[in-house]
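Supplied in structure tokens, the structure appears directly below.
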Amino acid sequence: QVQLVESGGGLVQAGGSLRLSCAASRRTFVRYSMGWFRQAPGKEREFVAAIRSATYYADSVKGRFTISRDNAKNTVYLQMNSLKPEDTAIYYCAADSDIWRISSYTYEYDYWGQGTQVTVSS
């Protein structure tokens, strides 16, 4: 079992930045692929970014968001720059125990955090 706790969400003006953090409970954190997803009101949960050793981004955030991880701290980050109102959503951290893939599909992730709200005002 892996527990994930997100932090760092908030209200920011368009063009601003936020950094989200996700702390994992397991010391075997290094064995998991980690992903960030988001869900806006009335919409399905969508992929944002993922990391194992390589990184993978949704086209909508490429060049603006950066995912990184610190295995010593069991933490994954999402640096979000040049934020837009359409980035407003609840952001979720997720862990995938399959060591051979880096996925954009929600159903391939085994563990999820509770989410953190990001609101971007215009």
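Every number in this text was worked out from the coordinates using simple rules, so none of it is lab data. This structure is a prediction, so every number in the text was calculated from the model and none was measured. Positions of Cβ are backbone-derived with ideal geometry, glycine not excepted, and every protein chain shown enters the neighbour counts.
If you filter segment 64-122 for trypsin sites (Lys or Arg not before Pro), then keep DSSP loop positions with at most 15 other Cβ within 10 Å, what is left?
Listed in order of number, the matching sites are Arg64, Arg101.
May I ask you to list the chymotrypsin sites (Phe, Trp or Tyr not before Pro) in segment 70-110 that are in a DSSP loop and have at most 12 other Cβ atoms within 10 Å of their Cβ?
Within segment 70-110, the qualifying chymotrypsin sites (Phe, Trp or Tyr not before Pro) (loop, at most 12 other Cβ atoms within 10 Å) are Trp100, Tyr105.
Over segment 1-92, what per residue volume does the convex hull of the Cα atoms give, in whole Å³?
96
Lysines near Lys84 by alpha-carbon distance under 16 Å, same-chain residues fewer than 8 away left out - which ones?
Of all the lysines, those that pass the test against Lys84 - Cα under 16 Å, at least 8 places apart if same chain - are Lys62.
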